[in-house]
Amino acid sequence: MFPPFDEEKALEKCRWLAGKLDSGEVVLRQLSAVSGERAGQGLMLAAMIAADQNGREESFFACSGLSRQLEALSPELAGTLRIAPPLVSPEDVGAALSKNDREIHNLTDLLKAGDGLEPEERERLRKRRQELTDESLDAVFSLYRFSCADGKTRSLKDVCESHARRTGKRSGILPPTGTGECAEQKLLDLAFSRGLTPVSMAEIFYCGPDSADAAKKGQSFPPCDSRCGIVLPEMLGLEIIWRDADIIVVNKQSGLLSVPGRGPDKQDCVVSRVRRLFPGCMAQPSVHRLDMETSGLMVLAFTPAAHRNLSRQFQEGEVSKEYTAMLDGVLARKGIAASGTMELTFRLDVDNRPHQIWDSIYGKKSVTEWEILRVQDYRAPDGSSRPATRVLFRPHTGRTHQLRLASADPHGFGVPIIGDTLYGKCADGERLMLHASRLTFAHPVTGRTMEFSCPAPF
């Protein structure tokens, strides 16, 4: 996962904390029993610098895991070292696990012994142990709630369901063990619960000199994909693909506006979420848009100079874009070639906004290159399935609803994109199957070619 905030200042704080641990002024207090296989293992130390509404900055620290906690022994540090606590206490976790603990251990002992067990009986015991383990993990995960950037609090279950929708993964799957106990998750929960804005955040690996991982001590690592990749985008409200002093690239989820709309109910959007996380961002950072129902890559500018440069690149056609779409039918049956380029002309239907209609005289020309990737079965939310065509689009212009019209209009393919509420149909629980999967442009300051790819979540 790409680090969501600048790391430089926080890395200095991480190394300062590691030095205090080495000197004994700060210790890792053991909160719960350690299993034999985990004895001597290292952990992650994280630091965050966050600002209050007046811009005053404070430093906060955390360690990963649930069994250990940072504690200052030095009197001068004890009153000033701000440590993020676990989101759930070890006692509450122990209570949630206690219901099935004895039976799980008994089943494990039976399976390890294995003497005289028929294959069917072994499989029955294994399945029973897995059921109990999943039940216990679900009980633990139900305890976790996260303070988020928008001021709301979300349960881990809600976070996982949102992650499943955003990524196209199957819902209801338990997250990895330890989700909710990453150091950076603790720090963000602390910041957002207090109305603070993170400025810098980083983490390093820490262990004792006798650890098998001693060579990694002090190394910096980005947030983990397995746990933070689930939780952090939901806490932040954005999946950040890249960020530096000039630009930010995000993977917009379907259903989120790109820019604010009219009315108070349409202010939540990519722009407002970026500005909430990065208050120093310019007022109007967007240089292009995606339809609300379209997901995928967007680049925004932090500074006016970067905005001018990126806007020029988009206007002059120097930005390369690719979209993945799932069309509701088999294009080959209509005699459509495997690849090609189409030129169409559309304009706004003033009597039926925001629809666009064909107009060969007054319409604006749109140019779209396509490539048929494959025909596949599409499984609808109601469980039914039907054939669909996965298509790669490369738009050479940036007209409103260009790809949706190229698909659905009789002058184009005449086959709408699945889930299109304007030019096709959208069943309950369905989304528009259109995703901005690749974006290439020149960095507005360095001039370096920046290429990003993000697979479609369908």
- So what's the back-of-envelope 222 nm ellipticity for the chain, counting only DSSP H runs of four-plus at -39500 (n - 2.57) apiece and dividing by all residues, rounded to 500? -8500 deg cm²/dmol
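With a/c under 1.5 counting as rounded, go ahead and sort segment 29-187 into rounded, prolate or oblate using the C-alpha gyration tensor (a ≥ b ≥ c being the square roots of the eigenvalues; past the cut-off, prolate if a/b is larger than b/c, else oblate).
Details: a/c = 3.16, a/b = 1.67, b/c = 1.90.
Here segment 29-187 falls in the oblate category.
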- Query: Roughly how many Å² is the accessible area per residue of segment 259-338, as a whole number, for a 1.4 Å probe?
  - Reply: 49
- Calculate the length of the line joining the C-alpha centroid of segment 30-103 to that of segment 335-358, in whole Å. 56
- Note on the structure: Calculating Cα Rg over 2.2 N^0.38 Å from this structure picks out, from [x] 1.03; [y] 1.15; [z] 0.97, entry [y]
- Sort H307, H105 from largest to smallest accessible area, using a 1.4 Å probe on the heavy atoms of the protein chains. H105, H307
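Which of rounded, prolate or oblate describes segment 410-454 when judged by the alpha-carbon gyration tensor and an a/c cut-off of 1.5?
It comes out prolate by the Cα gyration axes.
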- Considering only the other residues whose Cβ falls under 12 Å of the Cβ of R154, what net charge follows from Lys and Arg at +1 and Asp and Glu at -1? -2
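Averaged per residue, what accessible area in Å² does segment 1-85 show with a 1.4 Å probe, protein chains only? Walk me through the numbers before you get to the answer.
Details: 4410 Å² over 85 residues.
Averaged over the residues of segment 1-85, the accessible area is 52 Å².
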- Query: When each pair of different Cα atoms in segment 224-305 is counted once in the 1/r mean, what is the Kirkwood radius in angstroms, to one decimal?
  - Reply: 13.0
- Query: Sorted by accessible area (1.4 Å probe), largest first, how do Y206, Y423 line up?
  - Reply: Y423, Y206
- Quick tally, 1.4 Å probe accessible area for D189, D150, D158, sorted with the most first, runs D158, D150, D189
- Query: In whole Hz, what ³J(HN,Hα) sequence does segment 41-52 give by Karplus (6.51, -1.76, 1.60; θ = phi - 60°), x for Gly and Pro?
  - Reply: 6, x, 8, 9, 9, 10, 10, 9, 9, 10, 10, 8
- Message: What is the distance in Å between the Cα centroid of segment 224-291 and that of segment 312-333?
- Response: 22
- Task: Ignoring everything but the protein chains, give the 1.4 Å probe accessible area of K365 in square angstrom, nearest 10.
- Result: 100
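Grab the other residues whose beta carbon is less than 15 angstrom from that of Q315, score K and R as +1, D and E as -1, and report the net.
Numbers: positive: R289, R308, R312, K321, K364, R399; negative: E316, E318.
Local charge sum for Q315: +4.
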- Task: Kindly provide the trypsin sites (Lys or Arg not before Pro) of segment 396-458 that DSSP labels as loop, not H, G, I, E or B, and whose Cβ sees at most 14 other Cβ atoms within 10 Å.
- Result: K425, R448
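The values are calculated or read from the model by the stated rules, or taken from the named source; none is laboratory data. Nothing here was measured: the structure is a model prediction, and the numbers come from that model. Positions of Cβ are generated from backbone atoms using ideal geometry, with glycine treated the same way; all protein chains shown enter the neighbour counts. Accessible surface areas use protein heavy atoms only, side chains included; no ligands, DNA or RNA. Shrake-Rupley method; radii C 1.70, N 1.55, O 1.52, S 1.80 Å.
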